[in-house]
Amino acid sequence: AVRITMKSTLEQKSLIAGLAVGMEVLIEDGRRKLKMVERVSGSEVKMQTLVGGRLKARQGVNVPDLEIDCPALTEKDKSDAKFLLSLDPPLEYIAMSFVQKAADLQELIDLMDELKIPAAKRPKICPKIEKPQALSNLDDILEKCQSLMVARGDLGVEIGVERVPLAQKVMVHKAKAKGLFPVIVATQMMESMIKCPVPQRSEISDVANAVWDGADAVMLSSEAAMGGWPVETVRTQASAALHAQKRRGHIQCPIEALPPTATVLAPVPPPEARRTKISATIGYASQSPEMIMKLVAAGVDIFRLNCAYRQPGVFEQCLQDIAGASSAAGRKVEVMADLQGPKFRISEVFWTGVVLESHLNVTLALADGPTDVCRMGGTGIRITMQPTVEHIALLEAVEVGMVLFIEEAKRQIRVVERVSPSEVKCVVVVGGRLNARTALEAPGLNIKCPALTEKDREDAEFLLALDPPIDYIAVSFVQDGSDLQDLHDLMEQLKISPERRPRICPRIERPRALTNLDSILEKAGGLIVARGELGFELGLEGVPFAQKVMMHKAKIKGLYPVMVSTQLMESMIKNAVPTRAEASDVVNAVFDGADVVMLSGETAKGNYPVESVVAMAACARTADLQKSLVVPGLGPLPETPVHADCKKARVSSPAVASATSDGYS
């Protein structure tokens, strides 16, 4: 048997004393789950393990159903508060944790009275709403405070991450109506930037939706306290907040009528209540018959086959396994095939390796032959690309001054001189080790090449010959309606009857596609908001508003399905639970009208494919239940293009609040 102990503090004694048989205890953000089965004494209980795993030291413990009977201010809190209240000049705000009711705030007010702190020197009291009891008593709490923090960490554990987005909207709305300032949204907004200099699409979406909900401040916690990229994180979050602020006038008020707290806290509906579909990408982590069966049982409605990785016999076996799982589940499971489209990739790297260093000279050119690989030389670095139609078109189109991204913008080079139609000179902007065959992007570049490559045509002919037919074909690199016409023409050429034709779903991933969106929608059956490439092309902060516009227009045209893809639950490639930003991203996509939310790397190569589907399905069906309470959509669309760059103007934007810890930052 395992013995788990807690220090004998007042609050932890109260927690143990308050437990009742049947209550669930969550450890480490809900990754471990226990259920009380017997009381041994006032300070000891027996538990049954519901969700196991390795136990880490000093992890948080939550009991969602328990109102813990202890003061909100501990002795340490009182000591800290006395120190803070003695500072000159005084602090602006004091955040108070573990608030469950208005009387908890009164403890801090009484302490200020006791210390005779004059009104002019009193910090604003900012309760952290992180318990369901606080939500139930929210109106009373708002009467006692001057600001508010939506503390999504513990709140997500207590009520489930899928219920946090609506709770956030309600709290922000009520606090703003009461005139509180600032209203802060906190926890896991840019969590991936603890270890990476570039955020996930879901995180930028989360910041934007917090601003559109009415937040005055968005907070960084561990990202600034102990992350590897604190300055970059602040800049990125500030840029996302500023961009969202500029678009706020085009976003309708998110809540039409405030729902009662009971609705916000309503249990997650059963699986059969979900209307929004889940799409999962097949890859090495998910292509076995056993895993396909598990994914269907978990809630997958559409399997995505990525033609970039099509190999002889693999798709045929997957389709057979999907059909078997569909039959076993007693419901239709659909299939979408994703054509690769033009891809821009550098060549192989010479065995000694290549490291880009800032300001180093680089030559970018078409390869002269199979041995002309990326390498370091006496005059600098030579990066080559194979002489395909799309690579020829890209090198002919690049212009001096353009910044090219390599490997998802982890490496960046600026074009400084044209040598010939097939060669340009560049200088390194962001350096690092160069990996073979990684993607190269040219944001904003109008590349004149067909959307359907020869490989795409071969893949399409294979897909269109399948019996039974697949349901959807996604087309990459679409720039205008004529790119979809190529696939229509191919279907005509192959004499595919109308009832056997898959719906054509363009992936909107380039600025030119946004400019020509109306003509694309005329030729499309569905639509995919492909946020990966789109984030490079527009800048990440431009994606959330573009997503809303695309979905709005596609729904008006009656297209189905309208899908949102890329990095919705990216952290679940390595973690068993999603972040608060990811849950927010999925829920808000459903509120905006998405018919399908898509998993990519999470199921194709992740460690937790089934858990990813379960988490996304919980978010989707909770959002389906709550959708009638939220008014998604747009006000008048801007006259300037959706993808227009932010002008460098003085615009009031939400503050970025960051945290520090032990001198890390």
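At-a-glance table
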read-out: One residue from ALA620, ALA657 being open to solvent by less than 30 Å² (accessible area, probe 1.4 Å) and at pLDDT 95 or above; value: ALA620
read-out: Test for GLN386: is it touching a helix residue (DSSP H, G or I) at 6+ places or on another chain (Cβ under 9 Å), open to solvent by 40 Å² or more (accessible area, probe 1.4 Å), of a type in the set (S, T, N, Q) and under 30 Å from LEU305 (Cα atoms); value: no
read-out: Residue match in segment 400-407 (condition: at pLDDT below 90, loosely packed, with under 15 Cβ neighbours inside 10 Å and on the phi > 0 side of the Ramachandran plot); value: no
read-out: Test result for THR515, touching a strand residue (DSSP E or B) at 6+ places or on another chain (Cβ under 9 Å), open to solvent by 10 Å² or more (accessible area, probe 1.4 Å) and more than 20 Å from ASP456 (Cα to Cα); value: no
read-out: Subset of segment 518-542 that is open to solvent by 10 Å² or more (accessible area, probe 1.4 Å) and in contact with a Ser or Thr (Cβ under 6 Å, 6 or more places away or on another chain) - its residue that is nearest to SER279 (Cα to Cα); value: GLY532
read-out: Selected residue (only one of ASP456, ASP467, ASP489 is of a type in the set (Asp, Glu) and surrounded by 17 or more Cβ atoms within 10 Å (Cβ to Cβ)); value: ASP456
read-out: Identity of the residue in segment 134-170, outside any helix (DSSP H, G or I) and modelled with pLDDT of 95 or more, that ends up most open to solvent (accessible area, probe 1.4 Å); value: GLN146
read-out: Candidates ASP154, ASP104, ASP206 - the one that is within 30 Å of LEU534 (Cβ to Cβ) and touching a residue at least 24 places away in the same chain (Cβ under 8 Å); value: ASP206
read-out: Candidates ILE292, ILE302, ILE282, filtered to the one that is in contact with a Phe, Trp or Tyr (Cβ under 7 Å, 6 or more places away or on another chain) and either open to solvent by less than 50 Å² (accessible area, probe 1.4 Å) or polar (S, T, N, Q) (or both); value: ILE282
read-out: Leading residue by the ranking (nearest to VAL430 (Cα to Cα)) among those in segment 197-227 that are open to solvent by 10 Å² or more (accessible area, probe 1.4 Å) and acidic (Asp, Glu); value: ASP216
read-out: Checklist (1) more than 29 Å from the chain's Cα centre (by Cα); (2) crowded, with 24+ Cβ neighbours inside 10 Å applied to SER476, failing item; value: (1)
read-out: Answer from LYS605, LYS574 - the residue that is basic (Lys, Arg) and free of Cβ contacts under 8 Å to residues at least 60 places away in the same chain; value: LYS574
read-out: All positions within segment 107-130 that are open to solvent by less than 20 Å² (accessible area, probe 1.4 Å) and either closer than 22 Å to GLY214 by Cβ or outside any loop (DSSP other than H, G, I, E, B) (or both); value: LEU108, LEU111, MET112, ILE125, CYS126, PRO127, ILE129, GLU130
read-out: Leading residue by the ranking (farthest from the chain's Cα centre (by Cα)) among those in segment 548-566 that are crowded, with 24+ Cβ neighbours inside 10 Å and under 29 Å from LYS410 (Cβ atoms); value: MET550
read-out: Subset of segment 327-360 (residues that are open to solvent by 20 Å² or more (accessible area, probe 1.4 Å) and either closer than 30 Å to PRO468 by Cβ or of a type in the set (Ser, Thr, Tyr) (or both)); value: SER327, ALA328, ALA329, GLY330, ARG331, LYS332, GLU334, GLN340, LYS343, THR352, SER358
read-out: Subset of segment 1-21 [without any contact (Cβ under 8 Å) to a residue 60 or more places away in the chain, over 16 Å from GLN59 (Cβ atoms), open to solvent by 60 Å² or more (accessible area, probe 1.4 Å) and not polar (S, T, N, Q)]; value: ALA1, LYS13, ALA17, VAL21
read-out: Scope segment 22-52; condition in contact (Cβ under 8 Å) with a residue 40 or more places away in the chain and either open to solvent by less than 60 Å² (accessible area, probe 1.4 Å) or in a loop (DSSP other than H, G, I, E, B) (or both); matching residues; value: MET23, LEU26, ASP29, GLY30, ARG31
read-out: Residue ID - farthest from the chain's Cα centre (by Cα), chosen from residues in segment 501-517 that are at pLDDT below 95 and charged (D, E, K, R); value: ARG512
read-out: Only listed residue being at pLDDT 95 or above, closer than 16 Å to VAL234 by Cβ and in a loop (DSSP other than H, G, I, E, B), chosen from MET193, MET189, MET219; value: MET189
read-out: Pairs, first assigned to a loop (DSSP other than H, G, I, E, B) in segment 394-405, second modelled with pLDDT under 95 and of a type in the set (Gly, Ala, Ser), C-beta under 9 Å, six or more apart; value: VAL398/ALA442; MET402/ALA442; MET402/GLY444
read-out: Failed item in (1) at pLDDT 90 or above; (2) open to solvent by less than 20 Å² (accessible area, probe 1.4 Å); (3) more than 20 Å from the chain's Cα centre (by Cα), with ILE255 passing the rest; value: (1)
read-out: Matching residues in segment 361-378 - criterion: being open to solvent by 30 Å² or more (accessible area, probe 1.4 Å) and not in a loop (DSSP other than H, G, I, E, B); value: ASN361, ARG375, MET376, GLY377
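The values are calculated or read from the model by the stated rules, or taken from the named source; none is laboratory data. As the structure is a prediction and not an experimental result, all values here were calculated from the model. Here Cβ is always computed from backbone atoms with ideal geometry, including for glycine, and neighbour counts include all displayed protein chains. These accessible areas exclude ligands, DNA and RNA; they are computed on the full protein's heavy atoms, side chains included. Shrake-Rupley method; radii C 1.70, N 1.55, O 1.52, S 1.80 Å.
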